[in-house]
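Below: the structure, in structure tokens.
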Amino acid sequence: MSREPVGTTAHRRALIMASAITALGGLLFGYDTGVVSGALLFLQDSFGKLSSFDKELVTSLLLVGAATGALGAGRLADRVGRRPTILVTALVFIAGVLGAAFAPAFWFLVCMRFVIGLAVGSASMTVPLFIGELSPPRYRGAFVSFNQLAITSGILVSYLVDYGLSSSQNWRLMFGLAAIPAALLFVGTLFQPESPHWLIATGREDEGRTVLQRFRSDEEIDAEVADVHRISRDERRAPLLGDPTLRAVLVLGVTLAVLQQVTGINTVIYYAPTLLHGAGLGSGASLLANVVNGGVNVGMTIVAIWLLDRAGRRPLLLTGTAGMVVGMLVVALSFTTGGSNLHGAYALMAVAGLLIYTGSFAIGLGPVFWLLIAEIYPQQVRGPAMSIATLANWAANFVVTISFLTLLDAIGGQGVFFLFAFLSLVGLAYMVKRVPETKDLSLAEIQVEVEHGRAAGALGSATASTTAKSTTTAPTGTAATTGTTATTGNAG
Ligand code: BGC
């Protein structure tokens with residue numbers, strides 16, 4: 001499919017650079033959540049024997065910190081701007097990982113995991129928020145999903161670092177290496193501009209225009225500035241929870257956040273080797289399967305980046321979630337037919353099921369959740385609203401992670417994976433009904449849909465983009481210009 005270029009090569013290069021630097025926050029999110037699985041094996045050399053509770057504590061306090069960080073970051077990003085919030089986040093990352101690396105006592109390490117969590121939670125929402133506001137509509141899906149690519153790459157790198165350092169048992173270095181991308185995020189962000197939408201919405205139009213000139217052609221800028229002004233004028237009539245249409249999109253974001261977690265992704269990401277080993281696969285083969293799974297996660301995210309602005313969000317989300325159902329059914333059936341001690345064909349079947357599942361998550365629910373929450377909320381409340389969805393994501397992650405091993409003991413591999421297949425199926429039904437198509441729409445056009453109550457329901461219909469484009473003609477005409485550009489560009 002040929003696509004009309006937007007702006008010049010210099011504009012696109014500037015956007016790639018800005019997104020790549022900001023996505024270092026996603027890399028740290030992935031690395032810090034992944035690295036602990038390997039580090040756990042060696043902590044007792046320094047701190048004496050650790051109970052299962054100690055291990056759970058050091059693993060899951062990061063998730064508690066992340067929920068807290070997500071909650072605070074939205075407000076901060078709206079009040080002081082996106083750029084200072086990312087700078088503070090990078091500093092907290094640096095303090096947390098260095099603190100963990102040099103931890104003199106176990107309790108100190110546990111506290112540092114909470115501190116790292118604060119930064120992870122903040123990064124998980126400010127990265128898609130910032131990139132979403134910087135990107136032109138037709139490339140927004142790809143650029144915002146740089147974040148998911150960075151998360152999955154961070155997870156993979158953490159597996160490799162854990163593996164590489166396992167012979168020296170150097171858990172301090174495993175934690176401490178994250179200081180490098182954190183420092184790069186800090187220094188890189190010093191050279192980044194503030195989000196143009198935030199500048200314009202807070203009355204600094206001239207600065208906003210100067211920033212936009214780095215990323216857009218002159219013809220695009222006027223329409224975009226007019227859009228942001230129009231939606232900012234409505235600021236006073238945008239109560240966060242009082243407005244029923246806003247409540248509907250909040251419910252949509254929170255439900256997708258919970259679905260992203262309760263369908264089991266992090267039980268695979270955090271526990272796959274434990275699971276496969278426990279089910280009879282050798283330890284080397286389990287670790288190898290884990291690295292292959294991490295590779296599939298990264299590879300399929302790249303496919304998603306390529307497809308999101310071409311095929312749209314909904315086709316990827318629906319196909320991906322259907323694939324997750326199939327993957328989980330294959331894993332569950334391998335336990336049903338192979339018994340609790342998997343070997344030979346049944347072990348292969350379990351691994352194949354996990355790969356189908358992870359690959360499907362990576363083209364759908366993985367990137368699309370973070371992308372949609374950066375798109376569906378109105379400018380005036382985008383920060384706090386994204387915070388709520390992100391908080392729900394981390395809270396659900398915490399509940400699933402903390403209860404998974406107990407659940408596994410109670411109902412077995414077969415039971416757990418059938419449950420995940422069932423929850424994915426329920427999620428699929430919800431998405432078919434509720435998830436809007438946002439491809440090619442400007443953030444302002446999406447906002448018009450939300451304000452007219454068409455999001456989180458009818459906007460999910462196949463006619464969504466047509467409706468949005470015709471609606472936006474009314475207020476100023478400017479948004480319609482953007483919409484038309486988007487349609488023409490995509491038709492090419
Ligand atoms: C999820 C994380 C998960 C990661 C795996 C992200 O979209 O939010 O919880 O660990 O994907 O790739």
Checklist entry - Could you say which residue among 109, 76 is away from the ligand (no atom under 16 Å from the Cβ) and in contact with a Ser or Thr (Cβ under 6 Å, 6 or more places away or on another chain)? => result 76
Checklist entry - Would you call residue 59 within 16 Å of the ligand (Cβ to nearest atom), at pLDDT below 95, more than 16 Å from residue 185 (Cα to Cα) and crowded, with 24+ Cβ neighbours inside 10 Å? => result no
Checklist entry - Going through the range 371-386 one residue at a time, which ones are within 14 Å of residue 257 (Cα to Cα), small (Gly, Ala, Ser) and more than 16 Å from the ligand (Cβ to nearest atom)? => result 385
Checklist entry - Limited to the range 331-370, what total is found for residues that are outside any helix (DSSP H, G or I), at pLDDT below 90 and either open to solvent by 10 Å² or more (accessible area, probe 1.4 Å) or within 16 Å of the ligand (Cβ to nearest atom) (or both)? => result 4
Checklist entry - Hey, does the range 6-20 have a residue that's over 23 Å from the mean Cα position of the chain (by Cα), small (Gly, Ala, Ser) and away from the ligand (no atom under 16 Å from the Cβ)? => result yes
Checklist entry - Can you pull out the helices (runs of 4 or more DSSP H) entirely within the range 380-492 that have at least 1 residues that are modelled with pLDDT of 90 or more? => result 382-434
Checklist outcome for this item: Of the residues in the range 394-445, those that are of a type in the set (Ser, Thr, Tyr) and open to solvent by less than 60 Å² (accessible area, probe 1.4 Å) come to 401, 403, 424, 430, 438, 442
Checklist entry - Is at least one residue of the range 313-328 within 16 Å of the ligand (Cβ to nearest atom), of a type in the set (S, T, N, Q) and either closer than 28 Å to residue 38 by Cα or within 23 Å of the chain's Cα centre (by Cα) (or both)? => result yes
Checklist entry - So which helices (runs of 4 or more DSSP H) are wholly in the range 2-115 and hold at least 3 residues that are under 29 Å from residue 383 (Cβ atoms)? => result 9-22, 24-34, 52-80, 82-101
Checklist outcome for this item: Exception for residue 334 within (1) in contact (Cβ under 8 Å) with a residue 40 or more places away in the chain; (2) over 20 Å from the mean Cα position of the chain (by Cα) falls at (1)
Checklist entry - Residues in the range 290-310 that are open to solvent by less than 50 Å² (accessible area, probe 1.4 Å), of a type outside the set (Val, Ile, Thr) and within 16 Å of the ligand (Cβ to nearest atom): how many? => result 8
Checklist outcome for this item: Filtering helices (runs of 4 or more DSSP H) wholly in the range 136-229 for at least 3 residues that are open to solvent by 70 Å² or more (accessible area, probe 1.4 Å) gives 179-190, 205-215
Next on the checklist: Here is a list: 114, 93. Which entry is over 17 Å from the mean Cα position of the chain (by Cα) and either surrounded by fewer than 23 Cβ atoms within 10 Å (Cβ to Cβ) or of a type in the set (Gly, Ala, Ser) (or both)?
Outcome noted: 114
Next on the checklist: Name the single residue that is farthest from residue 12 (Cα to Cα) among those in the range 204-230 being of a type outside the set (D, E, K, R) and under 27 Å from the mean Cα position of the chain (by Cα).
Outcome noted: 228
Next on the checklist: When you scan the range 246-259, do you find a residue that is within 16 Å of residue 356 (Cα to Cα), within 12 Å of the ligand (Cβ to nearest atom) and under 17 Å from the mean Cα position of the chain (by Cα), even just one?
Outcome noted: no
Checklist outcome for this item: Among (1) within 22 Å of residue 118 (Cα to Cα); (2) touching a residue at least 24 places away in the same chain (Cβ under 8 Å), residue 95 falls short only on (2)
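The values are calculated or read from the model by the stated rules, or taken from the named source; none is laboratory data. Since we're looking at a predicted model, the values are computed, not measured. A quick note on method: Cβ atoms are made from the backbone with ideal geometry, for glycine too, and the neighbour counts reach across all protein chains shown. Accessible surface areas use protein heavy atoms only, side chains included; no ligands, DNA or RNA. Shrake-Rupley method; radii C 1.70, N 1.55, O 1.52, S 1.80 Å.
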